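*Asks:* My questions all concern the structure below.
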Amino acid sequence: MEKAIETMSSSGTTGKAEQKKEFQARTGNEAMAEAMRQINPDVCAAYPITPATEIVQIFANFVNDGLVKTEFITVESEHSAMSACIGSASSGARTMTATSSQGLALMYEMLYIAAGYRLPIVLAEVNRALSSPINIHCDHSDTMGGRDSGWIQLFSENAQEAYDNLIQAVRIAEHPDVLLPAWASTDGFIISHGMENIEIYPDEAVRQFIGEYKPAFTLLDNRKPFTLGAADLQDFYFEHRRAAYEGMRAAKKVILEIGREFGNKFGTTYGFFEGVHLEDAEVVMVALGSTAGTARVAIENLRERGIKAGLLKLRVFRPFPAEELVKALAHVPAIAVMDRSDSFNAQAGPLATEIKSALYDAGQHPKLINYIYGLGGRDIHFKELEQILEQTLQAGEPKDLNSRVVYWGVRE
């Protein structure tokens, strides 16, 4: 039982902190820039893009003011930013960057290379819609577009989690059993530009937590020469890709270990996801990012009306915690899966596709309706989430695939 609770824990589970916490008003971008300052990476290569611009802008000021020892590399594009990060990390430097939307999309080619090289680069990602049409507001299409690139993906409900996740991402990526790049994402404008009161941990405590970076390999060590980026055709490509998969699989255990260690040191334990009223829930909403905060209000309102609603807030999307999700949802007869992006596959969004696959493999077939919502930053009110949960609970068995997907809030 203890292990199950541990797996399901995320933010909100508190423990004894070693250091007194300092509360400060910060936007999500400021919180992530503050985490980068405390991490003090060796190299940061970046090209600014809305709404992530402030992260690197603020961090560049830290560099200019001598508050970090980071080598800040200004480049001509996001593709170049990730290319520079790959070169830096290959040379044994702790490396970070930040981006959003079209910037992340321009990095896609290099995301696969970073993961294939097993480089623990850490990226602060601000979720924003992809063009076309042009849109600068939040949805998860950029992040989901890179979901199979080999990067670990952490989602944040608020600025506090964005700050905490970015710190943990360093340890997760650099773990010798993992050695994969990682990003911590936060919702554009909703969190990136929204001011919140967050707990800022002491610099020394953060640096003790992440520790000294000891690269597994470095191009600058002429005593141990190796080849990086050579042609790898039918002979060994398959084996190298499988090795990256093993790193992603190992990341599950590492994420939980580091989440517990983080809780012991700073007071908040993190897991794959957080459950709210899951124990007796008759209908559950599964959500990523800031929508989870709105869903909490909707669920409490429904509970007051006698409707047993629950929330599963997913924090870790890659590696996908399929087994753990199946256990958490085993008793739930109706599930509303909230996708703030669309796979354009004519059957479901990316989160719903993953959950359906996990439930199918486990032999579980609850009533599951996928809601595509909030594309391009369209707001969703807690009253709407209440309606979604009630609709899911009351709906009959879907007659076909089309009736299992609802585009909520779109003008048909």
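*Asks:* Roughly how large, in nm² to one decimal, is the mean projection of the convex hull of the alpha-carbon atoms in the chain?
*Replies:* 21.0 nm²
*Asks:* When the helix-only estimate is applied to the chain (DSSP H runs of n ≥ 4, each -39,500 (n - 2.57), divided by the residue count), what is the mean residue ellipticity at 222 nm, nearest 500 deg cm²/dmol?
*Replies:* Computed ellipticity for the chain at 222 nm equals -12500 deg cm²/dmol.
*Asks:* Using the reciprocal of the averaged 1/r over all distinct C-alpha pairs, how large is the Kirkwood radius of segment 344-412 in Å?
*Replies:* For segment 344-412, the Kirkwood estimate is 13.2 Å.
*Asks:* Amide H neighbours of Ser91 under 5 Å, at least 5 residues apart or on other chains, H built in the peptide plane: list them.
*Replies:* Under 5 Å from the amide H of Ser91: Leu219.
*Asks:* Further, regarding this structure: Which ordering of Phe23, Phe320 is given by a fewest-first count of other beta-carbon atoms within 10 Å?
*Replies:* Neighbour counts put them in this order, fewest first: Phe23, Phe320.
*Asks:* Magnitude of the Cβ-charge dipole of segment 9-269, K/R +1 and D/E -1, about the Cα centre, nearest 20 debye?
*Replies:* 640 debye
*Asks:* Cα-based Rg of segment 145-273 per 2.2 N^0.38 Å, rounded to two decimals?
*Replies:* Computed over Cα atoms of segment 145-273, the ratio equals 1.23.
*Asks:* Moving on to the next point. By how many nm would the segment from Tyr360 to Gln391 lengthen if fully extended, with 0.36 nm per residue of separation less the alpha-carbon distance?
*Replies:* Contour length minus Cα-Cα distance gives 8.9 nm.
*Asks:* Now for a separate question. Would you mind checking which residues have amide H under 5 Å from Ile380's amide H? H placed 1.01 Å from N; only 5 or more apart, or other chain.
*Replies:* none
*Asks:* Using only the alpha-carbon atoms of segment 273-407 as identical scatterers, what base-10 log of I(q)/I(0) does the Debye formula give at q = 0.10, 0.15, 0.16 Å⁻¹?
*Replies:* Log-scaled intensity ratios, in q order: -0.27, -0.65, -0.75.
*Asks:* Filter the chymotrypsin sites (Phe, Trp or Tyr not before Pro) in segment 179-226 down to the DSSP loop ones having no more than 11 other Cβ atoms within 10 Å, then list what survives.
*Replies:* Listed in order of number, the matching sites are Phe226.
*Asks:* Against the longest alpha carbon principal axis of the chain, how many degrees, from 0 to 90 and to the nearest 10, is the axis of helix 28-39 turned?
*Replies:* Between the helix axis and the principal axis of the chain, the angle is about 40 degrees.
*Asks:* Return the sequence-ordered ³J(HN,Hα) values of segment 335-344 in whole Hz as given by the Karplus equation 6.51 cos²θ - 1.76 cosθ + 1.60 applied to θ = phi - 60°, using x for Gly and Pro.
*Replies:* Calculated HN-Hα couplings, in order: 10, 10, 9, 9, 10, 9, 6, 10, 7, 6 Hz.
Every read-out reported here was derived from the displayed coordinates using simple, explicitly stated rules and does not represent laboratory data. Just so you know, these numbers come straight off a predicted model, no measurement behind them. A quick note on method: Cβ atoms are made from the backbone with ideal geometry, for glycine too, and the neighbour counts reach across all protein chains shown.
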